[in-house]
Each structure stands twice: as C-alpha cells, then as structure tokens.
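The values are calculated or read from the model by the stated rules, or taken from the named source; none is laboratory data. What you are looking at is a predicted structure, and each value in this text was computed from that prediction instead of being measured. Virtual Cβ from ideal backbone geometry, glycine too; neighbours counted across all protein chains shown.
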Amino acid sequence: MQNHAHSPAPGSAPVADWPRPPSALVAARLGQPPSGARVTVAGIVILRQRPGTAKGVIFLTLEDETGVVNVIVWRKMYETYRRAVISGRLLRVTGRVQRDHGVTHVIAEEIEDISAMLDSLLDPASAV
C-alpha cells in the first residue's frame, strides 16, 4: 500500500524531508510540510483560549525550544481529549497542517498529555 502523503504531487517540486508521526516536528520546521499533511507537534501549553464566539472551538498555543505552534481543537476533539486539553502542561498533538492568511495551525486529531515527562527533567539520573 503506497502512502501518497509523503509524495509530491505530479509536476510539483519535491517536498523537503520532515519528521512524520509519531516523531514530533519542532515549531521552527512547521513550514516544511504541505498544507493538509499529518504532523505531530509537542510543547509546553502557554495559552488556552475558548472565545465565546468560537462555537466550542479551543485554541492552544504550544511552545518548544524553537518557537510556538498554534493548535485548533474542534468541539468533538475537545470532548474526546477534554482532560488533556484542560489540565495538560506538556502536550503531544497529532493533526493536519492548515495554512490560512499567512498563519499556520495544526488541526488536532489526537491529543496526548505527556506532562509526566516534565518530572524527569528534575531527575539528576536522567541528565545527559
């Protein structure tokens, strides 16, 4: 079975190589995958917004060592991953890249709370 998500469209330039899920793509490289590509990003949650006018949509901003990633969580995804969205400090999000008016978002399809990994940063035995 071929995976056409990794192949450029006929007649287009080759797509630069970028990490595919489950490997996380750093924020600085979010411009590499084409719009609609499935990616995984991870970062510290620095902002959660649920505007009253957004009809149940939640906007998350994740930060990693290279920058920030805007994540859109539709109502159905929020209901599925509510606990992670509300209380997660460090999240891994898999979804589709969307570009609109010069802004890049990841439309969440899976959200994983990986906050427990933050505790390992305090463990001297795990220091490299």
For this session: Of the conditions (1) free of Cβ contacts under 8 Å to residues at least 24 places away in the same chain; (2) closer than 29 Å to Asp17 by Cβ; (3) among the hydroxyl-bearing types (Ser, Thr, Tyr); (4) out of contact with any strand residue (DSSP E or B) (no Cβ under 7 Å at 6 or more places or on another chain), Thr61 clears all except one; give me its number.
Result: (4)
Exercise. How many of the residues in region 58-93 are touching a Leu at 6+ places or on another chain (Cβ under 7 Å) and assigned to a loop (DSSP other than H, G, I, E, B)?
Worked result: 1
Exercise. Identify, please: which residue in region 87-110 is closer than 19 Å to Leu47 by Cα and small (Gly, Ala, Ser) and is, among those, surrounded by the fewest Cβ atoms within 10 Å (Cβ to Cβ)?
Worked result: Ser87
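Does region 5-20 contain any residue that is at pLDDT below 95 and buried (at least 17 other Cβ atoms within 10 Å of the Cβ)? Even if it seems obvious, please write down each step before you answer.
Applying the first criterion (at pLDDT below 95) to region 5-20 yields 5-20.
Right, trim to buried (at least 17 other Cβ atoms within 10 Å of the Cβ) and you get 18.
For region 5-20, residues at pLDDT below 95 and buried (at least 17 other Cβ atoms within 10 Å of the Cβ): present.
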Problem set entry | Of the criteria (1) surrounded by 17 or more Cβ atoms within 10 Å (Cβ to Cβ); (2) without any contact (Cβ under 8 Å) to a residue 12 or more places away in the chain; (3) of a type in the set (Asp, Glu), which one Asp113 fails | (2)
Exercise. Consider Asn70 against the criteria (1) in contact with a Lys or Arg (Cβ under 6 Å, 6 or more places away or on another chain); (2) surrounded by 15 or more Cβ atoms within 10 Å (Cβ to Cβ); (3) free of Cβ contacts under 8 Å to residues at least 60 places away in the same chain: it satisfies all of them except one. Which criterion is unmet?
Worked result: (1)
